[in-house]
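Engineer: Quick one: this structure, given as structure tokens, is what I'll be asking you about.
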Amino acid sequence: MAERIFGHIPNVFEGDVFENRIALSHSKVHRPTQAGISGSQKEGADSIVLSGGYEDDQDLGDVIVYTGHGGRDPITKKQVTHQFLSDKNLALAINCQNGLPVRVIRGANHKSKFSPEFGYRYEGLYKVVKYWRKTGRSGFNVWLFRLEKITVDQALTYQVSEDSPIYSKTTRTLTAQQRLNRDYSLTLKIKEIYNFHCQVCNTKIFTNAGFYAEAAHIKPLGEPHNGPDTLDNILCLCPNHHVMLDFGGFTIDDDYSLIGLEGKLYVKPEHRINSEFIRYHREHFTFNLPHASQPSS
DNA sequence: ATCGAACTTAGT
DNA sequence: ACTAAGTTCGAT
């Protein structure tokens with residue numbers, strides 16, 4: 001099975017039109033030949049198609065309210081049972097909780113002023129900002145997903161700093177896409193190692209899309225820190241302790257004792273942390289080393 | 001490996 | 001409008 005690609009497909013640009021679903025599939029922009037959502041509940045959704053047929057859809061251009069799949073009679077196409085937050089719907093929820101972009105394609109059968117005259121047109125990247133359940137026009141439950149277009153400026157942040165202006169747009173798109181996929185696989189890996197438990201407080205957060213945790217870089221990515229995007233620089237944290245780490249609310253000693261918090265960072269044997277990175281954090285993100293950063297209680 | 005679901009498509 | 005053929009993916 002081919003690897004799922006998040007973000008732009010190299011050599012495919014916004015506005016590109018494909019004759020039919022087979023051509024769209026072969027382009028890798030949206031691989032399924034019929035299904036509206038491409039994705040898995042484990043990895044998330046990489047692309048969706050708007051092609052009419054779901055009566056609760058709303059298309060405002062840069063904002064789309066997209067209906068999840070399921071519950072339709074295969075013959076009449078009418079909603080005949082409830083939809084559930086599972087399968088492809090769960091995939092879109094995963095995008096929302098992890099900030100993954102989804103490619104959007106509008107088909108000619110999708111009746112809105114934004115749909116193409118014919119064929120299927122690639123409309124660029126959107127983020128899933130919210131999802132919820134409601135009683136649809138049919139009277140059955142449907143899941144809805146609010147999508148907001150990722151602007152060009154935002155998309156540029158996917159690109160790596162070593163990218164030079166002399167690189168072609170295609171090269172930069174490729175680099176950005178590869179980076180996105182690599183980042184995401186590391187994110188999945190660190191959460192898998194700790195089974196979504198925070199390494200500081202052991203909290204495991206439960207949501208309607210399963211468990212939630214954050215991958216936190218010890219030495220930050222990007223200029224001027226340029227920490228590496230590797231497992232030995234990443235922790236699995238709850239949102240609170242992620243924020244505290246990023247803003248120096250606590251730091252970590254060489255023996256993993258916490259400074260500024262009680263206790264010790266839990267580190268699994270198979271997870272090697274580079275002590276250079278926690279030293280960097282101690283030296284750059286606390287206001288008074290080594291033990292004066294405790295908040296008063 | 002197999003199977004079912006899917007915002008298809010062409011043909012009648 | 002209806003139907004059957006057909007493809008691909010994702011889960012079992």
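Engineer: Please give the length that would be gained between residue A:34 and residue A:134 if that part of the chain were fully extended, namely 0.36 nm times their separation in residues minus their C-alpha to C-alpha distance (nm, one decimal).
Structural biologist: 33.5 nm
Engineer: Could you compute the FRET efficiency for residue A:62 and residue A:287, with r as their C-beta to C-beta distance and R0 at 35 Å, rounded to 0.05?
Structural biologist: 0.25
Engineer: Also, quick follow-up: With r defined as the distance between the Cβ atoms of residue A:42 and residue A:205 and R0 fixed at 25 Å, what FRET efficiency is calculated, to the nearest 0.05?
Structural biologist: So, using R0 = 25 Å, E works out to roughly 0.90.
Engineer: Something else about it: Excluding same-chain residues fewer than 8 positions from residue A:130, which lysines have a Cα within less than 27 Å of its Cα?
Structural biologist: The reachable lysines, counting only those whose Cα sits under 27 Å from residue A:130, are A:28, A:42, A:77, A:78, A:88, A:111, A:113, A:149, A:189, A:191, A:204.
Engineer: Could I ask something else about it? Can you list the HN-Hα couplings for segment A:189-194, worked out from phi with the Karplus curve (6.51, -1.76, 1.60; θ = phi - 60°), rounded to whole Hz and with x for Gly and Pro?
Structural biologist: Each residue's phi maps through the Karplus curve to give 5, 5, 5, 5, 4, 9 Hz.
Engineer: Still on this model: Tell me, what ³J(HN,Hα) does each residue in segment A:19-25 have, in order and in whole Hz, if you take phi through Karplus 6.51 cos²θ - 1.76 cosθ + 1.60 with θ = phi - 60° and put x for Gly and Pro?
Structural biologist: Along segment A:19-25, the couplings run 4, 8, 5, 5, 5, 4, 5 Hz.
Engineer: Further, regarding this structure: In terms of modelled amide H atoms, which long-range or inter-chain residues lie less than 5 Å from the amide H of residue A:264?
Structural biologist: A:258
Engineer: Report the paramagnetic label zone for residue A:254: residues of segment A:267-283 whose backbone N is under 11 Å from a point 7 Å from Cα along the Cα-to-Cβ axis.
Structural biologist: Of the residues in segment A:267-283, A:275-276, A:279 have backbone N under 11 Å from the label point off residue A:254.
Engineer: Mind checking which of A:17, A:104, A:80 has the largest fluctuation in a GNM of chain A, springs on alpha carbons under 10 Å?
Structural biologist: Among A:17, A:104, A:80, the largest mean-square fluctuation in the Gaussian network model of chain A belongs to A:80.
Engineer: Also, I was wondering about something else. Using only Cα positions of chain A, each an equal point scatterer, no hydration layer, compute I(q)/I(0) via Debye at q = 0.09 Å⁻¹ and quote the log10 values to two decimals.
Structural biologist: -0.53
Engineer: Can you report the principal axis dimensions of segment A:2-162 using only the alpha carbons, biggest first, rounded to whole angstrom?
Structural biologist: 52, 34, 31
Engineer: Follow-up question, since we're still on this one. Could you work out how far apart the two model spin labels at residue A:148 and residue A:171 are, taking each label as a point 7 Å from the Cα in the direction of the beta carbon, and quote it in nm?
Structural biologist: Computed distance between label sites residue A:148 and residue A:171 equals 3.4 nm.
Engineer: Also, I was wondering about something else. Compute the FRET efficiency between residue A:182 and residue A:76 as 1/(1 + (r/R0)^6), taking r as their Cβ-Cβ distance and R0 = 41 Å, and round to the nearest 0.05.
Structural biologist: It comes to 0.40.
Engineer: Read phi for every residue in segment A:228-239 and hand back ³J(HN,Hα) as whole Hz from Karplus 6.51 cos²θ - 1.76 cosθ + 1.60, θ = phi - 60°, with x for Gly and Pro.
Structural biologist: x, 8, 9, 4, 6, 10, 10, 10, 9, 10, 6, x
Engineer: Where nothing but the Cβ of Lys and Arg (+1) and of Asp and Glu (-1) is charged, how large is the charge dipole of chain A around its Cα centre, in debye to the nearest 20?
Structural biologist: 1080
Engineer: Let me ask something else about it. Identify which of A:22, A:75, A:234 has the largest mean-square fluctuation in a Gaussian network model of chain A, with springs joining Cα atoms closer than 10 Å.
Structural biologist: Between A:22, A:75, A:234, it is A:75 that shows the largest mean-square fluctuation.
Engineer: Something else about it: What full-extension length gain, to one decimal in nm, is calculated for residue A:264 and residue A:230 as 0.36 nm per residue of separation minus the Cα-Cα distance?
Structural biologist: Separation in residues times 0.36 nm, less the Cα-Cα distance, equals 10.0 nm.
Engineer: With both partners inside chain A, how many of the DSSP beta bridges are antiparallel, as a percent to the nearest 5?
Structural biologist: Roughly 90 percent of the DSSP beta bridges within chain A come out antiparallel.
Engineer: Please list the non-local residues whose amide H lies under 5 Å from the amide H of residue A:18, H modeled 1.01 Å from N, same-chain partners needing a gap of 5 or more.
Structural biologist: Under 5 Å from the amide H of residue A:18: A:120, A:121, A:122.
Engineer: While we're looking at this one, here's another question. When ligands, DNA and RNA are left out and all protein chains stay put, how many square angstrom of accessible area per residue does segment A:1-87 have with a 1.4 Å probe?
Structural biologist: 52
Engineer: Only Lys, Arg, Asp and Glu count, each charged at its Cβ (+1, +1, -1, -1), so figure out the dipole size of segment A:2-162 about its Cα centre, rounded to 20 debye.
Structural biologist: For segment A:2-162, the charge dipole is close to 580 debye.
The values are calculated or read from the model by the stated rules, or taken from the named source; none is laboratory data. It should be emphasised that the depicted structure is a prediction, and the values quoted were computed from it without experimental measurement. Cβ sites come from the backbone with ideal geometry, for glycine too, and all protein chains shown count toward neighbours. Side chains are part of the model used for accessible areas, which takes the heavy atoms of the whole protein and leaves out ligands, DNA and RNA. Shrake-Rupley method; radii C 1.70, N 1.55, O 1.52, S 1.80 Å.
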